[in-house]
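The values are calculated or read from the model by the stated rules, or taken from the named source; none is laboratory data. From a predicted model like this one, the values you see are computed outputs, not experimental measurements. Here the Cβ is made from the backbone with ideal geometry for all residues, glycine too, and neighbour counts use every protein chain on show. SASA here: full protein model, heavy atoms, side chains in, ligands and nucleic acids out. Shrake-Rupley method; radii C 1.70, N 1.55, O 1.52, S 1.80 Å.
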Amino acid sequence: MSIKGLIYRILNFRWNWWYEAYITYKYVDEYTLFPAIYIPKGIKLKITKEKSAKFIIKKKLILEKWKTENAYSTISLARNSELLIENDFIIGDGVKISVANKGTLILRGKKNDSGSGITANAVVLVKKHLEIGYDCIIAWDTFITDCDWHSIEGKSSQIDTILGDKVWLGVGAKILKGANIGSNSIITANSVVLKGDYPSKSLLSGSPAKIVQENVPQWHRDLK
């Protein structure tokens, strides 16, 4: 290699690669690409993982910076839990993901769209099973869970929560236990979706959210 070529490679080398490699080697149990996590300068990822937990990334977990200040995104995996990221999935700064003992979180990631993921300042709490389908986009300040995290006599505190493919969550939306949202649906800003089966192509709005329109037109992640 020429001196000019060597200088070019040095100037264009991503020093954060070493941090990404360290995080991948220490915490990711199965991966296809190395490093399996892309972390740009100015954002940190803090992972807490029990030895019996399993973290699988089949493509890439991509961190994305939205805010001006340095911020942590966190992933917490308790005993015998599993986090599976199937395709490329983006999480912004301030995103908190927590999977309890024996819980499973599946993030399907990007399939047909230009990207899929969670913007920033969002919380995903999993007790037993939660799934986010392909090509979903999840806006700022959202909350998704499959559990009440407290108990009431005679009531189940946990019911699986499923977001189908290509579901769009607006800013501040909350998806609570037992919500089964069909593919190609839209949840408007600050809506609260309770337990129930919601058909594909639904527009959900309100607190509690109700179907305000059926067969909504196809939506797109990118402006046309």
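Is it the case that some residue within region 24-34 is open to solvent by less than 20 Å² (accessible area, probe 1.4 Å) and either in contact with a Cys (Cβ under 8 Å, 6 or more places away or on another chain) or modelled with pLDDT under 80 (or both)?
Scanning region 24-34 turns up no residue that is open to solvent by less than 20 Å² (accessible area, probe 1.4 Å) and either in contact with a Cys (Cβ under 8 Å, 6 or more places away or on another chain) or modelled with pLDDT under 80 (or both).
For region 177-184, check the following and say yes or no: at least one residue is touching a residue at least 40 places away in the same chain (Cβ under 8 Å), open to solvent by 20 Å² or more (accessible area, probe 1.4 Å) and under 21 Å from residue 91 (Cβ atoms).
No: zero hits.
Determine, yes or no, whether residue 108 is touching a Phe, Trp or Tyr at 6+ places or on another chain (Cβ under 9 Å) and either assigned to a strand (DSSP E or B) or of a type outside the set (Ser, Thr, Tyr) (or both).
Yes; evaluated as a whole, the condition is true for this residue.
Give 85, 118, 91 a once-over and let me know the one that is without any contact (Cβ under 8 Å) to a residue 40 or more places away in the chain, over 24 Å from residue 172 (Cβ atoms), open to solvent by less than 10 Å² (accessible area, probe 1.4 Å) and out of contact with any Phe, Trp or Tyr (no Cβ under 6 Å at 6 or more places or on another chain).
When all the criteria are applied, what remains is 85.
I need the full set of residues from region 139-170 which are at negative phi, open to solvent by 60 Å² or more (accessible area, probe 1.4 Å) and either of a type outside the set (Gly, Ala, Ser) or touching a strand residue (DSSP E or B) at 6+ places or on another chain (Cβ under 7 Å) (or both), in order please.
Within region 139-170, 140, 148, 150, 152, 153, 155, 160, 165, 168 meet the criteria.
Has region 64-76 got any residue that is among the basic types (Lys, Arg), open to solvent by 10 Å² or more (accessible area, probe 1.4 Å) and modelled with pLDDT of 95 or more?
no
Being part of a loop (DSSP other than H, G, I, E, B) and in contact with a Ser or Thr (Cβ under 8 Å, 6 or more places away or on another chain) is the filter here, so list the residues in region 27-44 that pass it.
Passing the criteria: 34, 35, 36.
For residue 125, indicate whether it is in a strand (DSSP E or B) and open to solvent by 20 Å² or more (accessible area, probe 1.4 Å).
yes
Among the charged types (D, E, K, R), open to solvent by 30 Å² or more (accessible area, probe 1.4 Å) and in a strand (DSSP E or B): does that describe residue 131?
It is true that residue 131 is among the charged types (D, E, K, R), open to solvent by 30 Å² or more (accessible area, probe 1.4 Å) and in a strand (DSSP E or B).
Would you call residue 102 assigned to a loop (DSSP other than H, G, I, E, B), open to solvent by 40 Å² or more (accessible area, probe 1.4 Å), among the basic types (Lys, Arg) and touching a Leu at 6+ places or on another chain (Cβ under 9 Å)?
No: the conditions fail for residue 102.
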